Amino acid sequence: MDRKPKLIKSDIAHESSVYHVTGEARYIDDLLVNERLLHGRVVYSKIAHGKIVACNIEKAKQLPGVRAVLTHNDIPGNNQMGPVFHDELVLAKDKVTFVGQAVVIIAAESEEIAIEAERQIKIKYNELPPILSISDAIKKGRLIQPSRKIETGNVKKAFAKCDHCMEGELEVGGQEQWYLETQIALVVPGEGKELLVHSSTQHPSETQALIAEVMGLPKMEVEVQVRRMGGAFGGKETQANHVAIWACLLSKATSCPVKIRLFRDDDQKMTGKRHRFLMKYKAGFDNNGQINGIEVVQHTDAGAATDLTMAILERAMMHADNAYFIPNIRIIGKAWFTNLPSNTAFRGFGGPQGMACIEQIIDRIARKLKKDPIEIRKINYYQEGKRAYTPYGQKVENNRLEPLLKILLKSSAYKKRRIAINSFNANNEFFKKGMAITPVKFGISFTTSFLNQAGALVHIYKDGTVLVNHGGTEMGQGLHTKIIQIAAMELGIDLAKVKVNATTTAKVPNTSATAASAGTDLNGMAVKNAMDKLKKRIGKRLCDKFNEQYGKRGKPSKYFDIRFENNTVYDVANPKRKLAFADAVLDAYFNQVSLSATGYYKTPGIYFDRQQGKGKPYYYFSFGMAVTEILLDTLTGHFTNVRTDILHDAGDSINKRMDIGQVEGGYIQGMGWCTTEELKWDKNGNLLNHSPDTYKIPSIQDIPKDFRVNLLKGYPNSEKTIRRSKAVAEPPLMLAFSCWLAIKDAISAVCNHKLEPLYSLPATNETILLSIDDLKKRNSS
Ligand code: MTE
Ligand code: MOS
């Protein structure tokens, strides 16, 4: 089947879409190995905290078909897999710190035998009391790393001058990534020390680095490959490393290929999630609702190891302002140790948690002053001039809040619908409607500045087809599709002539994770850089050829006049001098011109000083806005998303279809986090909802009945970005605050907006009913 349309259009389908549908797309579990393939299994702790007093693996070892049973004693290199801070063991040594921590790993000839072997393993523990909540960790003083601070102005003075001061707490829940493909790796040992690792990882270079460290190997012996992931959402930024490392250990011990694929329930129990937060805040504002000062302490649950916690906390702190200028602000970030799996990246990377608090504050101010929250948002939005600076000192440039608000208010008929909702609520006792409009401002770049770099390796073959290697990974977001478009546009050739190779550390080394929404920004630029080199070489050769061929007729050709367009290479100054792209390539080859080039890019001009809490950490900001209307059944707590209108800023979109898909998916995923996805543990630290029957992610019924998603037109990103586009991936998740606050609005209507409802995130049926109950009680007393 011809899977690629011929024309360069900005809305082509995902490069793998046909493969996704026909089942041809190869995921790691589909790869055929040989009959020597062994199946790995991880035996993990069933208690949250305790000393290991005995670990008997002898019986398991004797079982026919069992090929290896390994403990921490069998690690050739370093027993460490913490990606940033080395505080995470590959296999537990003398104690365990959470339910789900790996203690023993098994390789067997079948999955069934491995499961039987696990039953034969007896681990005895001396149980110790676990820390299972942020409040308990605070009580016991168990900070996992030193606290952080970002501060501007003078909060104390600001509070003294305000008409109103408000204090509060907001609990913000975690979230399971729920990638469809669970964590998986397949290791094929090569000759000597070589390991070829197929890993479902967002970060092949780090997977490679940690494998090398644990195996005691130089990195050159370890190749990590990723064709595609079956979803990742941040959950495979660091924690895909774990299964890859365990599979390598088993492969080394048996000299056989080994695959580890976690069962869904095990995956949910063992791996980290979005960080839950406890926000404690104080806000000062005037009679109009303009905020003068905010003090917020962000407490987060790191889990039993640091993982990416400090970077996530940093982003939460840097998004405590969302779209609002706050002249005086003090943001304190504290990450706490708990006896739970180490929490990790999830779309938004702390941003959503940081923003939830300010959105709650804005909503509370509005309810206190009896105004529509939209009025409070408007007067606090970032503006030009003095009101353009973030708490960390970066200027908010190319602010898109004004056009977004103007267009969206009109297209969603906000005012008219607000009146209709009020009259609906006046006429209905048990059903209430609510509506909210919320903005998103999200910083694009890794806040650890040096990570903002990318590489590429581009080959042009003699037939004029192009193979692009770059450091980014495909997880469904459409990165490879955009890269194909960028490469084809740069060379002026058909999309069908370009292919993106599986990502591998053997082609592009020392890469950063595909994360922070910056996949296209960074890798697209690196690919362009390689293309520029190739075009220069081919162009120079063509000038020589043209000048030889046409001699003194006309002006001599200059290489900077050479254009690559419509599958042709030509001289703009002498347009008759031209050659088909494939012929130009062949000509270059015969004239000994290299047709392979590396590309490199680093984001210019960004930096952040952690000590000072100041800098310009982001290359630019992405913006978006959403209006959601919901219908609430106040007797059951069930809500229906009646209508959502979104206007999102993607700059000059490289692929509108893909970007709209990301916006829709982000919003729905955010809705899940804000409403139904609630993590529950028992008093011993066991996750209670570790499968889809109890952990409720959004399904088709949860999609807004009327869903109108548009991209902001006519606002390109700066000229220095790839095709003037913007990152899209993460920011739309936070548009779901419009749904979260629409529900609060409906609850508030139960007592005719006289009292402010108690509220937290997620707003589950239970939270909603308790809130209504509490309102009614307060209303009657
Ligand atoms: N979209 C799909 N379909 N699957 C995913 O796993 N991950 C999200 C987002 N969109 C994800 C997704 C996350 S967390 C990030 S950071 C970005 O994609 C990463 O890709 P990008 O930088 O190329 O946009
Ligand atoms: Mo995304 S949370 O940056 O992988």
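Tabulated values for the structure
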| quantity | calculated |
| --- | --- |
| Segment LYS576-ASP11, extension gain: residue separation times 0.36 nm, minus the distance between their alpha carbons | 200.1 nm |
| Region 692-750 versus region 193-257: alpha-carbon centroid distance in Å | 34 |
| Using a Förster distance of 35 Å, the FRET efficiency for HIS164-LYS656 (Cβ separation, nearest 0.05) | 0.20 |
| Average accessible area per residue (Å²) across the chain - probe 1.4 Å, nucleic acids and ligands excluded | 40 |
| Segment THR598-LEU770, length gained on full extension (0.36 nm per residue, minus Cα span) | 56.0 nm |
| Highest average packing first - 473-485, 188-200, 135-147, Cβ atoms within 10 Å | 473-485, 188-200, 135-147 |
| Environment charge of PRO716, counting only residues whose C-beta is closer than 15 Å and scoring Lys/Arg +1, Asp/Glu -1 | +1 |
| Spatially proximal aspartates and glutamates relative to LYS219 (Cα-Cα < 18 Å; intrachain offsets below 8 disregarded) | GLU191, GLU194, GLU206 |
| Taking the convex hull of Cα positions in region 586-727, its mean projected area over all directions (nm²) | 17.4 |
| Gained length - ILE407 relative to GLU127, 0.36 nm times residue gap less alpha-carbon distance | 94.9 nm |
| Förster-model FRET efficiency, 56 Å R0, LEU467 and ASP136, C-beta, rounded to 0.05 | 0.55 |
| Binned Cα-Cα distances of region 417-489, short to long, each 10 Å bin given as a whole percent | 13, 24, 18, 12, 15, 12, 5, 0 |
| Förster radius 35 Å - calculated FRET efficiency between LYS415 and HIS638 (Cβ-Cβ, nearest 0.05) | 0.80 |
| Translational D in µm²/s for region 539-587 (Stokes-Einstein at 4 °C, 1.567 mPa s, Kirkwood Rh from C-alpha pairs) | 124 |
| Residue among ASN126, THR306, GLY190 farthest towards the positive dipole end of the chain, charges placed on Cβ | THR306 |
| Residue-count net charge about ARG142 - beta-carbon cut-off 12 Å; Lys, Arg +1, Asp, Glu -1 | +1 |
| Gyration tensor (Cα) of the chain, equivalent ellipsoid semi-axes in angstrom | 44, 38, 23 |
| Farthest toward positive dipole pole in region 441-594 [+1 Lys/Arg, -1 Asp/Glu at C-beta], among ILE562, ILE483, GLY471 | ILE562 |
| Across LYS528/LYS552; LYS378/LYS616; LYS395/LYS415, pairs whose alpha-carbon gap is larger than 30 Å | LYS528/LYS552; LYS395/LYS415 |
| Structure-based [θ]222 nm, the chain - -39500 (n - 2.57) summed over DSSP H runs of at least 4, per residue, nearest 500 | -9500 deg cm²/dmol |
| Too-long pairs where the Cα-Cα distance tops 28 Å, listed order kept, from LYS386/LYS754; LYS161/LYS777; LYS273/LYS441; LYS386/LYS614; LYS280/LYS777 | LYS386/LYS754; LYS161/LYS777 |
| Calculated from backbone phi, Karplus (6.51, -1.76, 1.60) coupling profile of region 558-567 in Hz, x at Gly/Pro | 10, 5, 6, 8, 7, 10, 10, 8, 6, 6 |
| 12 Å beta-carbon shell around CYS256, net charge (K/R +1, D/E -1) | +2 |
| Within straight-line cross-link reach of LYS462, lysines at Cα separation under 19 Å, skipping those fewer than 8 residues along the same chain | LYS497, LYS499, LYS533, LYS535, LYS536, LYS540, LYS545, LYS578 |
| Length-normalised contact order of region 1-90 in % [C-alpha pairs under 8 Å, at least 6 apart] | 10 |
| Magnitude of the charge dipole, the chain, Cβ model with Lys/Arg +1 and Asp/Glu -1, debye to 20 | 2420 |
| In Hz, Karplus ³J(HN,Hα) per residue of region 427-436 (6.51, -1.76, 1.60; θ = phi - 60°; x = Gly, Pro) | 9, 10, 8, 9, 9, 10, 9, x, 8, 8 |
| Listed residue (VAL33, GLY100, SER110) projecting farthest to the positive dipole end of region 1-158, Cβ model | GLY100 |
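The values are calculated or read from the model by the stated rules, or taken from the named source; none is laboratory data. The model shown is predicted, which means the values in this text are computed figures rather than measured ones. A quick note on method: Cβ atoms are made from the backbone with ideal geometry, for glycine too, and the neighbour counts reach across all protein chains shown. In case anyone asks, the SASA skips ligands and DNA or RNA and just uses the protein heavy atoms, side chains included. Shrake-Rupley method; radii C 1.70, N 1.55, O 1.52, S 1.80 Å.
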